[in-house]
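Asker: Mind having a look at this structure? Questions to follow.
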Amino acid sequence: MSHSDAVLHLRGESIFVDDIVVTPEMLHAFPLVSTIAHGLIKNIDFQAAQALEGVVAIFTAANIAGENQIGNASVGEELLASREVLYVGQPVAIMVAKTPELAKQAAALCQVEYQILEAIFNARIADNKGLHIAPPRTFAVGNVDNAWQDCAVIVEGQTESGAQEHVYFETQIALAYPLENGGLKLLSATQSPSFTQKIIARVLNKPMHLVEVDVLRLGGGFGGKEEQATMWATLAALAADKTQQPVKLALSRSEDMSFTGKRHPYSADFKIGLNAQGKILAYQVKFYQNAGATADLSLAILERTLFHAGGSYFIPNLKATAVSCQTHLPSNTAFRGFGAPQAMFVMEAAIFAAAEKMGLDASVIQQQNLLSEGDYFYYGMKAENARAKASWQQLQQRLTGQQQAIAEFNCTHRLEKKALALMPLCFGIAFTATFLNQASALVHIYTDGSVSISCGAVEMGQGVKNKLIAVAARVLSIAENRIKIESTNTTRIANMSPTAASNGSDLNGQAVLIACQQLLASLKKVAAEALNVTDIDAIRIQQERVYVKDVATDLTWSQLIGKAYMTRTSLSAQAFYATPDIYFDRSKESGNPFAYHVYGCAAVEVTLDCLRGRYQVDKVRIVHDGGQSLDLKVDIGQIEGALVQGLGWLTSEEIIFDDSGHLKTNDLSQYKIPDIYAAPEIEIEFLNSDNPAAVLNSKAVGEPPLMYAIAVYFALAKAVQAFNPDWQTVYDAPFTPEKVLLALYRKI
Amino acid sequence: MNKISATFILNHRQVTAKVALGMVALDYIRNLQKLTGSKQACRTGDCGACSVLLGRHEKGKLIYHAVNSCLLPMAAVHGCHLVTIEGLNTAELNPIQQAVLDNGGVQCGFCSPGFVVAMTAYFLNAQTANLDEFVDAVAGNLCRCSGYMGIKRALRQLLQQYPLNNSENRLQDLIERQILPDYFVAIAPRLAEIPILKTPSNHDAIMVAGGTDLFVQRPQLLAASQLKLLESNQEITLTQQQCRITASTTLETLKNSPLLQSLFPQFKKEMEMIATTPIRQRATVGGNLANASPIADMAIFFLALAAQLELRSLNGETRSVRLQDFFQTYKQIDLQAGEQIAALSFSCPPQPILFSFEKVSKRQYSDIASVNSALFLELEQETIKTAHLSAGGVAAIPLYLAKTCAYLQGKAISNEVVKQAVNIAQTEISPISDQRGSAEYKRLLLRQLIIAHFLKLLPDLLNAEDLL
Ligand SMILES: Cc1cc2nc3c(=O)[nH]c(=O)nc-3n(C[C@H](O)[C@H](O)[C@H](O)COP(=O)(O)OP(=O)(O)OC[C@H]3O[C@@H](n4cnc5c(N)ncnc54)[C@H](O)[C@@H]3O)c2cc1C
Ligand code: FES
Ligand code: FES
C-alpha cells in the first residue's frame, strides 16, 4: 500500500530532483550570465576558466546544433545570447565542471567585453519608445465615449502594481542523462514536461522521441516553472549531449531570484463613470505590462488581463486596452492569477476612487454592480451559474455589526485604526489558448488489483494527485490506497499541456475519469460472464465488491481483476479529453473562452499602528464557490495559501532593481514573503453548488483565491484615511510599511 | 590544517566526520550522509527548511535546540547529538507529523520536515503549553504554499492533545508519547563519552561565534579558511548594579533570562522581534556587536544603556571601551587583530528602569530593521537626569544620538522638549535610500519611534495628539 505524498513529505522521504543521489561521474553546469542589462557581446575571454582544473567544457551559442530558441509561444528567446544581451542574468555561456563550485568559479573567471546599449526598465518609458512585444489589444462593449455624458460622477486615475517573485521553495533544477542512440533523459522541475521536451529537441536538433522528460513532483511552481524551467533543463541537456555524461544544473536562491522572471508589474490608467446611485455606466482602462526582455508568456498573460478587466461586475460600456512593453529585465512570466490580479486591482482602485468622490463606502458600489445570471461579459460570453451575488450575500451574514464595531474602535483609538474591505471574485477557468484545453490519461490495473495512473498533471503541492486518486477511486469504487499516480513522463503521455491555469485536475481528472469508465465497462463484462448475468447494466462495483441488482456477490475486486486477466481482457486504458464548447475569435475579441467561472467574496479586516506604520491583517472571511470538492482539505489549503501569497504581493513583497538593472532584493533576507505572524486568521465557507462543467461537479481552485487579497490594499487605504483624512489616495502596490507611514503623515 | 575531525551522534549513529572546518552541517548531511530530508531553500537562515535539532550538554543537562543547518559549521557539531528529520521518524507518523497531516499543513512538502523539527524543539523546551510561544518556535520556518493556517490548526490541536506539565523529565515523557523515538533515551551517556576536541588557536583564523552572520555573508571563503570557533560561555550576572553579559551569550539565552526580563518588562516581546528562534539559538551578542551592522539590534539596545565592552587580546590582556566608541565608521570597529569581545556590561539604576526599544521592518517579524531605536531615561520627578538614545539604519554605524541626549539632560519632560529632541535627532542622522526604505522614510520613522518611546514610557506627562 502506498503512502500519500504528504506522509512522505512529513517524514522527509519524498524525493525532489536535488535529493536524487548522483554518482561521482555527474558533471555540474552553471551559466555565465550577463552583468549588464542591454548590450552587444564584443568578446568573451574563456582562457582562465578553461585553464581551471576540473572544468570539462564550455559551450556558447555557437555550439548549438539546432535552433537557439527556447520560446514556446514566440521567437526571439535565445538559450544562450549569441550577440545581444537583454537583461542582467541572461545566460551567455555554460560552464561544465566536476563540481558545482568549480562551474561557478569558472563562470566568475570569464571576462566578457560588452558594447553597452541603452537599457529601459519602466513599461511606460518603453511604450513611449514604441518597444512593444506585440501591438496593443482592445476588448470593448457598448460605447464608453458616448456613455460619459450620462454619468453623474467620473473619476480618473493611475495605478501601479509591483512584480512578485515566486519563491517556490525548490529552486530551478534539472538533471540530464545521455541515453543510447543520441537520446536524453531529463529529470526536471518543470510544470511543462512536453514543452521542455519540445524545446530540448529543437535546440539539439533531435526528434522529440529521443528526449524523455520525467517529473516526479515540484517543490512549488506557482507559474514560475511553466515556461522558465525550460532554460535550465535545456542547458543541462545541451551539456549532457555534448559531453555524453550526466549533468546537473541547480540554481541557488539568489541566482534563481536574479536570473528568472517574476509576476509582471503593471501600470494602468483608468476612467470610471457612474450614475448618482453608484451604478457603473462606463469603465475605460489602459494597461501597460512590463514584459521584461522577451515575450515568454506575456501575451497570454496580457490576454487574461483583458478578460478580467471588468472584475466581478457587469458594466454596460467598457473599453480595456492592453499593451505588453519590452524592457531590459528578466522576462516576466506566469504567476498564479496570470494577469488577472493586476487587472482586478485596477478595477477595484477605480471603484475605490469613485466611492471616495461620492462619499460612499466602496462596498456600496461593489454590491450594486455585481454580475447577475445571464449577464454577458464584455467578451461575449454569457454568465451562467453566476454566483457573485450569492457569495456576496452569504458573506454579509457573517459581517453583521462588523462595520459598526470598527467605527466605534476608530472613534476610541487615536493611534490605531481598523478597516474592513470586500473583494468579490469572478475568475474564468480554461487556458485562453483554446488548443491547450486537452489532456490524456493512461490507467493500468495490475493483476493484484493495484492501479497505476499516468496523466499530464504535475504535482507541485496543489494536491492534483489527491484529486486524481479521488476521481479514480470513485469511478472504480476501490480504496484510495490501491491507486498510485505515476510521475509525469513524456514517454507515457504525449503532448501534454502545462499544469497551469488552475485546471490541471479539471482536464486530467476528466481524462482519468474516462479511462476508468472504459476499464469499468470491460470489468463489468467480465463480471457478468463470471456471474452468468446477461444484463450488464445490472452489474455494479461498490467498495471493491461486485453487486448484481444491488445484491452483493462473493466476487471481490481482486478476484475480478484476476478473472479479467485470465480471460485476456485488457487491464489498461488510455483516454483523451478536450474541453467542449470553448472558442475565442481574436479578430472580434469575442467568444466563449472559458469552461466556467469561479466566484466568491472575501472580507478583509486590518489593524494599523498609526504611530509606526505597521499593520496586521487580522482576519479574512471568505465565501467561496468551490463546486463539489474532490478533496476539501486540498481546496481549503489552496484558498488559504493563495490568499496569503496575494497578501504578500500587496504588502511586504517588494522587488527592487538598481539603476543598472541588478536585482537588489535577491534573497529571502531582502525579499520578505509572509511568515506565520503576517498570515491572518482565515475563515472559509463554501457555496455548496454543483458545477456541471467540470469533473464530478468540482471546480478549479488554484488561482482564484489569490485575488481575494486585493481587499488588503483597500482595507489599508481605508485605515490610513481614518487617521489622515488629508491623504490623497494612491494606488501603488505593494503597500509596504514605508508607503503606509508616509501616507499617514502626508499633508496633502 | 583547516580540516577537523568532528565526532558526534547523527540520529542514532555515532560518526566521525573529517571535513573542512567551515563546511556547514546541511552539506554534510545531504551530500555526504545522503540524508536528504533536510532541504535547502535559501542557505541564508531565512526559511527553516534545513532545520535540525542540535543536542548537547549544557550545565549538566542534555538540551536540544532547533537550528538552521545551512549556517551551522561542522566544527560546532562535535560532541553533539545532531538530529535530522530522519532521526525523528518512527514506523508510523509521530503525533506531530500526524497533526500537521490531519490539519492540512502540507502542500508541496519542501518546508514540512523543517516544521516538524521546529515543532519537536518546542516540545523539548517549552515550560508550559502556550500557543504564542509555539507559534514563535515555528516562526523561523517559512512556507510558500499553505498560508500557515494548516500549521496553526496543528499547533492548536497538539497543545490540546499534549498539555505540557513542567516535567523534570521531558525527554522520557516525549518518548512515552511517541513524539521522540526510543533511542533518545541512551543519547546522554553516549555523548558523555566523546572526548573534547582541541582546536589549535591561530592568529589569522577567522573568529566564528554563532556563524549566523559569517555563513550568510561569506560561505565560500569560510569553506577554505582557518576558523577559530569561539568557546561558548554564557553568563548573565548582576553585581552591584552592574549587569555583565558574556559575548558568547546567545540571543535566545538573553531573551529567556529571568534577570533581563525583570529589568526590562517588555524584554521577551522585544527579543522576539529579533531574528527567529533557531537563529537566536546560535547568534551571539558578541557577533551582533562585532558585525557592526548599522541596524544591529543588540547594538542599538545596548547603546542606549551606555554599555561598556570588555575586550581581550590573544595573550589575555583586557581593555575596556565604551560601546558608542567601539563603532567607528561603516563596519569598522575598535578591535585589534586577535582581540575579541569578552563581555558587555552596563549599570542598572535602581528600579524601575525607564527603557524602550522600537523596531520597524518591512515584515514585522524575522526581518532586519528599517529603523530601530532605544531610549533610556532616568528621571528625578519630571526632570530628565540621564538620557541615552540610539538609532539604527540612519547612519553608517549603529548611532548613539549624542546631541539629542545632551539636549535632553536636565530638561523637564514636556511636549516641547520631545519635539525639540526629535528635531535635534534629525540633525544627527544621515540615512541613505536602500532596500529597507528611502531616506525620507527613515527620517520620518525615527521621528515616530522617538515619539513612541516617550509615549510608551511617560504616557501621563505627554499629549499624543500634540506630538503627532
Ligand atoms: C535569518 C537571520 C535573521 C537575522 N536577524 C537579525 C535581526 O533581526 N537583528 C540583528 O541585529 N541581526 C540579525 N541577524 C544578523 C546576525 O546573525 C546577528 O547579528 C548575530 O547576532 C551574529 O552573531 P553570530 O554569533 O552568529 O556571529 P558570527 O557570524 O559568528 O560572527 C559575526 C562577526 O563577528 C565576529 N565575532 C563574533 N564573535 C566575536 C567576538 N566575541 N569578538 C570579536 N568578534 C566576534 C566574527 O568574526 C564575524 O566577523 C540575522 C541573521 C540571520 C541569518
Ligand atoms: S536553507 Fe533556508 S534556513 Fe537554511
Ligand atoms: S508546503 Fe510548499 S513551502 Fe510549505
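The values are calculated or read from the model by the stated rules, or taken from the named source; none is laboratory data. Quick caveat: nothing in here was measured; it's all calculated off a predicted structure. Because the Cβ atoms are built from the backbone with ideal geometry, glycine has one as well, and the counts that use them run over all protein chains shown.
Asker: Cβ-Cβ distance below 9 Å, separation of 6 or more or different chains: which pairs start in region B:437-462 with a residue that is more than 9 Å from chain A (Cβ to nearest Cβ) and within 14 Å of residue A:738 (Cα to Cα) and end on one that is among the polar types (S, T, N, Q) and in a helix (DSSP H, G or I)?
Answerer: Taking only residues 6 or more apart or on different chains, the pairs are B:443/B:426; B:446/B:426.
Asker: Among the residues of region A:610-636 satisfying the criterion of being within 9 Å of chain B (Cβ to nearest Cβ) and not hydrophobic (A, V, I, L, M, F, W, C), which is nearest to residue A:222 (Cα to Cα)?
Answerer: Ranking the candidates gives A:633 first.
Asker: Name the residues in region B:101-114 that are more than 7 Å from chain A (Cβ to nearest Cβ), under 25 Å from residue A:467 (Cα atoms) and outside any loop (DSSP other than H, G, I, E, B), would you?
Answerer: Of region B:101-114, the ones more than 7 Å from chain A (Cβ to nearest Cβ) are B:102-103, B:105, B:114.
Applying the additional criterion that residues be under 25 Å from residue A:467 (Cα atoms) yields B:102-103, B:105.
Once the filter is applied, which keeps residues that are more than 7 Å from chain A (Cβ to nearest Cβ), under 25 Å from residue A:467 (Cα atoms) and outside any loop (DSSP other than H, G, I, E, B), region B:101-114 yields only B:102.
Asker: Identify, from the list B:84, B:90, the residue that is more than 15 Å from ligand 2 (Cβ to nearest atom), hydroxyl-bearing (Ser, Thr, Tyr) and either in the same structural domain as residue B:162 (by TED's automatic domain parsing) or at positive phi (or both). First the steps, then the outcome.
Answerer: Numbers: B:84 fails: more than 15 Å from ligand 2 (Cβ to nearest atom).
Result: B:90 is the single residue among B:84, B:90 that is more than 15 Å from ligand 2 (Cβ to nearest atom), hydroxyl-bearing (Ser, Thr, Tyr) and either in the same structural domain as residue B:162 (by TED's automatic domain parsing) or at positive phi (or both).
Asker: Within region B:19-65, which residues are within 13 Å of ligand 1 (Cβ to nearest atom) and closer than 25 Å to residue A:10 by Cβ?
Answerer: Once the filter is applied, which keeps residues that are within 13 Å of ligand 1 (Cβ to nearest atom) and closer than 25 Å to residue A:10 by Cβ, region B:19-65 yields B:24, B:41, B:42, B:43, B:44, B:45, B:46, B:47, B:48, B:49, B:50, B:51.
Asker: Determine whether region A:188-209 contains at least one residue that is more than 26 Å from residue A:261 (Cα to Cα) and part of a helix (DSSP H, G or I). Talk me through it step by step, then tell me what you get.
Answerer: Quick first cut of region A:188-209, residues more than 26 Å from residue A:261 (Cα to Cα) only: A:205-209.
With part of a helix (DSSP H, G or I) added as a condition, the list becomes A:208-209.
Yes, there is a match, as at least one residue in region A:188-209 is more than 26 Å from residue A:261 (Cα to Cα) and part of a helix (DSSP H, G or I).
Asker: Show the residue pairs that are 6+ apart or on different chains and have beta-carbon atoms under 7 Å apart, the first residue being within region B:36-50 and more than 12 Å from ligand 3 (Cβ to nearest atom), the second being among the acidic types (Asp, Glu).
Answerer: B:36/A:19; B:37/A:13; B:37/B:86; B:44/A:667
Asker: Does region B:15-26 include one or more residues that are in a helix (DSSP H, G or I) and on the phi < 0 side of the Ramachandran plot? First the steps, then the outcome.
Answerer: Restricting attention to region B:15-26, the residues satisfying the condition of being in a helix (DSSP H, G or I) are B:25-26.
If we keep only those that are on the phi < 0 side of the Ramachandran plot too, we end up with B:25-26.
Yes.
Asker: Name the residues in region B:12-26 that are within 14 Å of chain A (Cβ to nearest Cβ) and of a type in the set (A, V, I, L, M, F, W, C), would you?
Answerer: Filtering region B:12-26 for residues within 14 Å of chain A (Cβ to nearest Cβ) gives B:20, B:22-24, B:26.
Scanning region B:12-26 gives B:20, B:23, B:24, B:26.
Asker: When you scan region B:44-51, do you find a residue that is assigned by TED's automatic domain parsing to the domain that holds residue B:187 and part of a strand (DSSP E or B), even just one? I'd like the intermediate steps shown before the answer.
Answerer: To start, the set of residues in region B:44-51 that are assigned by TED's automatic domain parsing to the domain that holds residue B:187 comprises B:44-51.
Still in the running and part of a strand (DSSP E or B): B:51.
Yes: region B:44-51 contains one or more residues that are assigned by TED's automatic domain parsing to the domain that holds residue B:187 and part of a strand (DSSP E or B).
Asker: Does residue B:306 meet the test of being touching a Leu at 6+ places or on another chain (Cβ under 8 Å) and under 26 Å from residue B:67 (Cβ atoms)?
Answerer: Details: touching a Leu at 6+ places or on another chain (Cβ under 8 Å): yes; under 26 Å from residue B:67 (Cβ atoms): no.
For residue B:306, the condition - touching a Leu at 6+ places or on another chain (Cβ under 8 Å) and under 26 Å from residue B:67 (Cβ atoms) - is not met.
Asker: Okay, next question. Can residue A:377 be described as over 26 Å from the mean Cα position of the chain (by Cα) and not hydroxyl-bearing (Ser, Thr, Tyr)?
Answerer: Values: over 26 Å from the mean Cα position of the chain (by Cα): no; not hydroxyl-bearing (Ser, Thr, Tyr): yes.
Answer is no for this residue.
Asker: Give the residue that is surrounded by the fewest Cβ atoms within 10 Å (Cβ to Cβ), with candidates limited to residues of region A:475-512 that are in a helix (DSSP H, G or I) and of a type in the set (A, V, I, L, M, F, W, C). If you could, list the steps in order and put the result at the bottom.
Answerer: Of region A:475-512, the ones in a helix (DSSP H, G or I) are A:475-476, A:480-482, A:504-512.
Remaining after also requiring of a type in the set (A, V, I, L, M, F, W, C): A:475-476, A:507, A:511-512.
Numbers: A:475: 20, A:476: 22, A:507: 31, A:511: 29, A:512: 33.
So, considering only residues that are in a helix (DSSP H, G or I) and of a type in the set (A, V, I, L, M, F, W, C), the one surrounded by the fewest Cβ atoms within 10 Å (Cβ to Cβ) is A:475.
Asker: Here is a further query. Scanning for something over 16 Å from residue B:80 (Cα atoms), within 14 Å of chain A (Cβ to nearest Cβ) and within 12 Å of ligand 1 (Cβ to nearest atom), does region B:190-213 turn up at least one residue?
Answerer: Yes, some residue in region B:190-213 is over 16 Å from residue B:80 (Cα atoms), within 14 Å of chain A (Cβ to nearest Cβ) and within 12 Å of ligand 1 (Cβ to nearest atom).
Asker: Right, something else. For region B:407-436, which positions are more than 14 Å from chain A (Cβ to nearest Cβ) and charged (D, E, K, R)?
Answerer: Those that are more than 14 Å from chain A (Cβ to nearest Cβ) and charged (D, E, K, R): B:411, B:416, B:419, B:428.
Asker: Moving on to the next point. Go through region B:119-175 and give me each residue that's within 14 Å of chain A (Cβ to nearest Cβ), in contact with a helix residue (DSSP H, G or I) (Cβ under 6 Å, 6 or more places away or on another chain) and assigned to a loop (DSSP other than H, G, I, E, B).
Answerer: Of everything in region B:119-175, those that are within 14 Å of chain A (Cβ to nearest Cβ), in contact with a helix residue (DSSP H, G or I) (Cβ under 6 Å, 6 or more places away or on another chain) and assigned to a loop (DSSP other than H, G, I, E, B) turn out to be B:140, B:141, B:145, B:146, B:147.
Asker: Of all the helices (runs of 4 or more DSSP H) wholly in region A:632-748, which have at least 3 residues that are over 30 Å from residue A:117 (Cα atoms), within 23 Å of the chain's Cα centre (by Cα) and at pLDDT 95 or above? I'd like the intermediate steps shown before the answer.
Answerer: Numbers: elements: A:632-650, A:710-723, A:737-744.
Result: A:632-650, A:710-723.
Asker: Take the residues in region B:330-366 that are under 23 Å from residue B:140 (Cβ atoms) and crowded, with 22+ Cβ neighbours inside 10 Å, then tell me which one is farthest from the other protein chains (Cβ to nearest Cβ).
Answerer: Let us first name the residues in region B:330-366 that are under 23 Å from residue B:140 (Cβ atoms), namely B:357-366.
If we keep only those that are crowded, with 22+ Cβ neighbours inside 10 Å too, we end up with B:357-362, B:366.
Values: B:357: 13, B:358: 7, B:359: 9, B:360: 5, B:361: 8, B:362: 5, B:366: 6 Å.
Among those that are under 23 Å from residue B:140 (Cβ atoms) and crowded, with 22+ Cβ neighbours inside 10 Å, it is B:357.
Asker: Checking the structure you have, find out if any residue of region A:619-626 is in the same structural domain as residue A:724 (by TED's automatic domain parsing), farther than 20 Å from residue A:390 by Cα, at pLDDT 95 or above and of a type outside the set (Lys, Arg). Break it down stepwise before answering.
Answerer: Taking region A:619-626 first, the residues in the same structural domain as residue A:724 (by TED's automatic domain parsing) are A:619-626.
Among the residues that remain, those that are also farther than 20 Å from residue A:390 by Cα are: A:619.
Within this subset, residues satisfying the condition of being at pLDDT 95 or above are A:619.
Then keep just the ones that are of a type outside the set (Lys, Arg); that gives none.
No, the conditions are met nowhere in region A:619-626.
Asker: Look through region B:62-100, keep the residues that are facing another protein chain (nearest Cβ under 9 Å) and in a helix (DSSP H, G or I), and return whichever of them is nearest to ligand 3 (Cβ to nearest atom).
Answerer: Among those that are facing another protein chain (nearest Cβ under 9 Å) and in a helix (DSSP H, G or I), it is B:100.
Asker: Would you mind finding the one in B:228, B:198 that is in a loop (DSSP other than H, G, I, E, B) and modelled with pLDDT under 90? First the steps, then the outcome.
Answerer: Working: B:228 fails: in a loop (DSSP other than H, G, I, E, B).
Going through B:228, B:198 in turn, the sole match is B:198.
Asker: Another question, then. So, residue B:300, is that one of a type in the set (A, V, I, L, M, F, W, C) and more than 19 Å from residue B:268 (Cβ to Cβ) or not? Walk me through it before giving the result.
Answerer: Numbers: of a type in the set (A, V, I, L, M, F, W, C): yes; more than 19 Å from residue B:268 (Cβ to Cβ): no.
No; evaluated as a whole, the condition is false for this residue.
Asker: Out of all the residues in region B:134-142, is one or more of a type in the set (Gly, Ala, Ser), within 19 Å of residue B:107 (Cα to Cα), out of contact with any Pro (no Cβ under 9 Å at 6 or more places or on another chain) and within 16 Å of ligand 2 (Cβ to nearest atom)?
Answerer: Filtering region B:134-142 down to residues of a type in the set (Gly, Ala, Ser) leaves B:137, B:139-140.
With within 19 Å of residue B:107 (Cα to Cα) added as a condition, the list becomes B:139-140.
Pick out the ones that are also out of contact with any Pro (no Cβ under 9 Å at 6 or more places or on another chain) and you get B:139.
Retained after the next criterion (residues that are within 16 Å of ligand 2 (Cβ to nearest atom)): B:139.
Checked against the condition, which is being of a type in the set (Gly, Ala, Ser), within 19 Å of residue B:107 (Cα to Cα), out of contact with any Pro (no Cβ under 9 Å at 6 or more places or on another chain) and within 16 Å of ligand 2 (Cβ to nearest atom), region B:134-142 yields at least one hit.
Asker: What number of residues within region B:49-66 are more than 16 Å from ligand 2 (Cβ to nearest atom) and either of a type outside the set (A, V, I, L, M) or closer than 17 Å to residue B:277 by Cβ (or both)? Give the derivation first.
Answerer: Just the residues of region B:49-66 that are more than 16 Å from ligand 2 (Cβ to nearest atom), to begin with: B:55-64.
In the following step, the residues that additionally are either of a type outside the set (A, V, I, L, M) or closer than 17 Å to residue B:277 by Cβ (or both) were identified as B:55-61, B:63-64.
So the answer is 9.
Asker: Another question, then. Considering region A:14-44 alone, what residues qualify as being more than 17 Å from residue A:237 (Cα to Cα), in contact with a helix residue (DSSP H, G or I) (Cβ under 9 Å, 6 or more places away or on another chain) and more than 14 Å from chain B (Cβ to nearest Cβ)?
Answerer: A:33
Asker: If only one of A:656, A:682, A:639, A:676 is surrounded by fewer than 19 Cβ atoms within 10 Å (Cβ to Cβ), hydrophobic (A, V, I, L, M, F, W, C) and at the interface with chain B (Cβ under 9 Å from one of its Cβ atoms), which one is it? Walk me through it before giving the result.
Answerer: Numbers: A:682 fails: surrounded by fewer than 19 Cβ atoms within 10 Å (Cβ to Cβ); A:639 fails: surrounded by fewer than 19 Cβ atoms within 10 Å (Cβ to Cβ); A:676 fails: surrounded by fewer than 19 Cβ atoms within 10 Å (Cβ to Cβ).
After ruling out the rest, the residue left standing is A:656.
Asker: Examine region B:27-37 for a residue that is of a type in the set (A, V, I, L, M, F, W, C) and within 11 Å of chain A (Cβ to nearest Cβ), and state whether such a residue exists. Outline the logic, then answer.
Answerer: Our first condition is that a residue be of a type in the set (A, V, I, L, M, F, W, C); within region B:27-37, this holds for B:29, B:32, B:35.
With the extra rule that they be within 11 Å of chain A (Cβ to nearest Cβ), the set shrinks to B:29, B:35.
Yes: one or more hits.
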